[in-house]
Amino acid sequence: MDLCKLRMYLTDIFLPNRCPGCGKLLTWDKLMCGSCRKKLVSLDVCPICGKRPCADHSALKFDRAVCLYEYSGKCREAIYALKYSGGINFAIYCGKELGKNLEEQGISRDADAVCCVPMSRKKRRRRGYNHAQLIARCVAKELDKPFYNDLLVHSDNLTEHHRLNAAKRLENAEKSFAPGNKQRDISGRTIILCDDIYTTGATLNACAACLKQMGAQRVYAVSIASTVQDKDN
Ligand SMILES: [Zn+2]
Ligand SMILES: [Zn+2]
């Protein structure tokens, strides 16, 4: 038994391992029960914008969206558990699945680094952690790529002085995000940007615009779930 498995085994004794979809007790080596896994609805969406029906491609600041499931049913419950109940199983599970997906699509080969949508300090204090960061760390581990937590910063966390500079730099992008660590040179690089849910795309677009202004050549917007319209509509 390696150290990681031993730690999981010991954790299980003190903190029972539960399915993020239904709350059922799981053995220490499982991330989600088989029944909930089967209820996750795979996406049938446009491979560029990740939506059904297609979003306006000319408005996209990222190059492609990669998502796993429809934001509904078990997926919605598991994401809720990830955000509010401190259950990190779903982030690890989806990190592995996203990693596989990115490899199958040949995206991981070109990727240089992984980052996430930053969270304001206030929100982070309330939630305890940034779940997008957790997903990004899992994806980075799966792909064996560096994870840059400081690439982007939420504008609420900037000092007044930095806020003014950032506002100038951001120009067209929304003012919620700004470049973080200036030592990180991402000129000409391909960046994987992670979040949990892709709804209107405003957040991912704002972050992608920021990364492009920092010199990134390509940005892949990667998330667990995408909101889609019913096929009957
Ligand atoms: Zn379950
Ligand atoms: Zn599309």
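Read-outs throughout are calculated quantities, based only on the coordinates presented, and are distinct from any laboratory measurement. Treat the numbers as computed from the prediction; the structure is a model and nothing was measured. Heads up, the Cβs are rebuilt from the backbone with ideal geometry, glycines too, and the neighbour counts pull from every protein chain shown.
Does CYS67 satisfy being within 10 Å of ligand 1 (Cβ to nearest atom) and either under 30 Å from ARG124 (Cβ atoms) or not β-branched (Val, Ile, Thr) (or both)? Walk me through it before giving the result.
Values: within 10 Å of ligand 1 (Cβ to nearest atom): no; either under 30 Å from ARG124 (Cβ atoms) or not β-branched (Val, Ile, Thr) (or both): yes.
Answer is no for this residue.
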(message) Can you tell me how many residues within region 84-107 are surrounded by fewer than 16 Cβ atoms within 10 Å (Cβ to Cβ) and aliphatic (A, V, I, L, M)?
(response) 0
(request) Specify the residue that is farthest from ligand 2 (Cβ to nearest atom); the eligible residues are those in region 56-83 that are buried (at least 18 other Cβ atoms within 10 Å of the Cβ) and in a loop (DSSP other than H, G, I, E, B). (result) TYR71
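Scan LYS182, LYS212 and give me the residue that is basic (Lys, Arg) and not in a helix (DSSP H, G or I).
On the way: LYS212 fails: not in a helix (DSSP H, G or I).
Matching residue, one of LYS182, LYS212: LYS182.
In region 40-54, which residues are more than 16 Å from ligand 1 (Cβ to nearest atom) and either outside any loop (DSSP other than H, G, I, E, B) or surrounded by fewer than 18 Cβ atoms within 10 Å (Cβ to Cβ) (or both)? Can you show your working first?
Filtering region 40-54 for residues more than 16 Å from ligand 1 (Cβ to nearest atom) gives 42-54.
Within region 40-54, SER42, ASP44, CYS46, PRO47, ILE48, PRO53, CYS54 qualify.
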